[in-house]
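Peer 1: Mind having a look at this structure? Questions to follow.
The values are calculated or read from the model by the stated rules, or taken from the named source; none is laboratory data. Keep in mind that this is a model prediction, so the values were computed, not measured. Ideal geometry is used to build each Cβ from the backbone, glycine not excepted, and the neighbour counts take in all protein chains shown. Keep in mind that these areas ignore ligands, DNA and RNA; they rest on the heavy atoms of the full protein, side chains included. Shrake-Rupley method; radii C 1.70, N 1.55, O 1.52, S 1.80 Å.
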Amino acid sequence: MDLYEQILTKEEINKRFKRAVTAILSKGLISSKAGLADSLKVKPAKFSEILNDRMNAGVDMIAIMCDYYHVSPDWILMGRGNNVFRKNELPKYWIDDEDLDVEYHEPEEFINSVGQTDKVSVAPFMDLIHEKDVVIREQAEEIGRLKARIEELERRRGDNASDAATPNARVG
C-alpha cells in the first residue's frame, strides 16, 4: 500500500477528533464541552463549529488533546490501532503538596506527613477549575457590558437634566 493511501483526509481526522471528544466526555475526564474547549485553548463557538463539521480541528488542538488526555496520535492522525487512548490507559494526574509547593506529575506514590503512602487525584479539580474559569470570563464580560450601559445612562441623565426646566425659568 502506498504511503499516500495510508494518510487520512482532514475530514477523517476531524471525525476521529469528534470521536475522541465523545470518549473524553464519556470517560469523565472533563465534565463539559465548554471545559474541554477551554483546556484545548479554543473558544466554545469555534469548538462548536468543529463539532458541527463547519470547521476542521487544528493541529494545535489535536496536539494538546493527545498530550493532556492521552489520545493516541497514531490513531487520530494515521488511523492506526483501535483505541482512542494510548496504551489503553486513561490519563491520571496526582498532586504532591509537600511544604505547600504544588507539583503535578504522573501517578506515583509519596509519603504524607504521617508517614503513610498516599495518592490524590487532581483530574476532577482541574475540570472544575477550567469550568470556573469559563464562568468567570463570561461574568467579567457581562460586568464590562453593564458598566458601559451604566456610563451611557448616566451620560443621558446628565444631558436630560440640563434640558429640564427649572421652577424659576421662563418658558419662551
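Peer 1: I need the peptides 129-137, 19-27 ranked by packing, meaning the mean over residues of other C-beta atoms within 10 angstrom, with the highest value on top. If you can, show how the numbers build up before the last one.
Peer 2: On the way: 129-137: 13.6, 19-27: 16.1.
With the highest mean Cβ count within 10 Å placed first, the list reads 19-27, 129-137.
Peer 1: Mind checking the per residue accessible area of the stretch 19-93 for me, 1.4 Å probe, whole number of Å²? Walk me through the numbers on the way to the answer.
Peer 2: Working: 4130 Å² over 75 residues.
Ligands and nucleic acids excluded, the result is 55 Å² per residue.
Peer 1: With labels modelled as points extended 7 Å from the Cα through the Cβ direction, what inter-label distance (nm, one decimal) is found for M78 paired with E142?
Peer 2: 4.7 nm
Peer 1: What residues have an amide H closer than 5 Å to that of F85, excluding those fewer than 5 places away on the same chain, when H is modeled at 1.01 Å from N in the peptide plane?
Peer 2: S72
Peer 1: With a point put 7 Å past each Cα toward its Cβ, work out how far A23 is from V134 in nm, to one decimal.
Peer 2: If labels sit at A23 and V134, their model points lie 2.1 nm apart.
Peer 1: Taking θ as phi - 60°, what are the ³J(HN,Hα) couplings along the stretch 50-57 by the Karplus curve (6.51, -1.76, 1.60), each to the nearest whole Hz, with x for Gly and Pro?
Peer 2: Per-residue couplings from phi come out as 5, 5, 9, 6, 9, 9, 9, 5 Hz.
Peer 1: Can you list the HN-Hα couplings for the stretch 80-87, worked out from phi with the Karplus curve (6.51, -1.76, 1.60; θ = phi - 60°), rounded to whole Hz and with x for Gly and Pro?
Peer 2: 8, x, 10, 10, 5, 9, 5, 6
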